[in-house]
Every structure is written in structure tokens, then in C-alpha cells.
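Following: one structure in C-alpha cells, then a few remarks.
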């Protein structure tokens, strides 16, 4: 059986409240919040050396 994430990525209809998708969406929201509220001196984004939060997303 194909997972809801695979359904979504292939462009087919999928159940958005699937446990895996909800978990990944919540994680992305938390990481986005963490990035948006990072102190300016912590945002060291250079070519080839992206911020560790961005790598997680």
C-alpha cells in the first residue's frame, strides 16, 4: 500500500491529516519558528555553510 506522503508527492489525492504528514508539518512549523526567532548573530548563513536550522527543514 502506498503511503499518503507518496500519494502527495506523486500529485495524487491524499489524506492531509495522516499521522506521518501531521508529524512532519508540525516539525517544519517548529523549525520555521526557531529560524524566524533566531538572534541576528546566530544567523550565520554563508555560501556552502547554511544555518543548521535550514538544514533540518
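The values are calculated or read from the model by the stated rules, or taken from the named source; none is laboratory data. The shown structure was predicted, so the numbers you read here are calculated from the model rather than taken from an experiment. Positions of Cβ are generated from backbone atoms using ideal geometry, with glycine treated the same way; all protein chains shown enter the neighbour counts.
Test residue 34 against the criterion of being modelled with pLDDT of 75 or more and farther than 24 Å from residue 7 by Cβ, and give yes or no.
Values: modelled with pLDDT of 75 or more: yes; farther than 24 Å from residue 7 by Cβ: yes.
Yes.
Considering each residue of the range 9-31, count those that are at pLDDT 95 or above, part of a helix (DSSP H, G or I) and in contact with a helix residue (DSSP H, G or I) (Cβ under 7 Å, 6 or more places away or on another chain), and give that number.
2
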